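A quick write-up on the structure given underneath.
Just so it is clear, none of the values below were taken in a lab; they were calculated from the coordinates. Model, not experiment: these values are computed from the prediction. As a convention, Cβ positions derive from the backbone with ideal geometry for all residues, glycine included, and neighbour counts pool all protein chains shown.
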């Protein structure tokens, strides 16, 4: 997809991000509501015959919590708007697919870091035939990691916006497995919806 930021200086990014969000086919209030509901759902769920609960009996690593959020958020949107939204079904799909116009589909990134989000190293690599387009709308969620000492961890931040494939930076070491965004990109292209 062509970047909506082509030809814009960095100081014009925030305005363009606001325009993209205003034209998006889902209100940001509803998106925040869905994320919060899904977050609470992680801790309301019971697992196994004995009904173990995350945050009370089980304390999974952030990657597991992220996986569950990745599953719950699209399902909640699909339950609310079955003709409009669905979850990923194939390798070319984003995490949340907007059925009428796939260019409005959403990739979800979560992190237990206080403020940053990360992608796999592949996000920063150019390839001949990537499985899915890495440019587009992103839902970025930061949350507190689970510990046995804490009560239910909190959502730290929810952001939404457009990230271009070229915005992702790979780790310098060839063995590095992570991609990240510059502070300038996070500030200009992701709008804070909840903090």
>> Could you compute Rg(Cα) / (2.2 N^0.38 Å) for the stretch 1-90, with N its residue count?
In response: 1.45
>> What is the distance in Å between the Cα centroid of the stretch 68-95 and that of the stretch 139-170?
In response: 18 Å
> Going out from 0 in 5 Å bins, what whole percent of all Cα-Cα distances in the stretch 10-194 drops into each bin?
Replying inline: 1, 7, 15, 19, 20, 17, 11, 6, 2, 0, 0
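Could you give the length gained on full extension between residue 154 and residue 27, defined as 0.36 nm per residue of separation minus the Cα-Cα distance, in nm? Let's see the in-between values first.
On the way: separation 127, 0.36 × 127 = 45.72 nm, distance 2.26 nm.
Between residue 154 and residue 27, full extension yields 43.5 nm more.
How do 28, 1, 104 rank when sorted from fewest to most other Cβ atoms within 10 Å of their own Cβ?
Exposure proxy ranking, most exposed first: 1, 28, 104.
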> Among 19, 107, 89, 144, which comes first, then next, by fewest other beta-carbon atoms within 10 Å?
Replying inline: 89, 19, 144, 107
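Calculated from DSSP H runs of 4 or more alone, at -39500 (n - 2.57) each and per residue, what is the 222 nm mean residue ellipticity of the chain, nearest 500? Mind dumping the intermediate values first?
Working: 4 runs with 53 residues, N = 195.
Estimated from H runs of four or more residues: -8500 deg cm²/dmol.
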>> If neighbour count is taken as other Cβ atoms inside 10 Å, put 137, 118 in order from fewest to most.
In response: 118, 137
> Tell me, what is the percent relative contact order of the chain, built from C-alpha pairs under 8 Å that lie six or more residues apart?
Replying inline: 22 percent
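Once the mean 1/r over all distinct Cα pairs of the stretch 1-54 is inverted, what Kirkwood radius in angstroms do you read off?
14.5 Å
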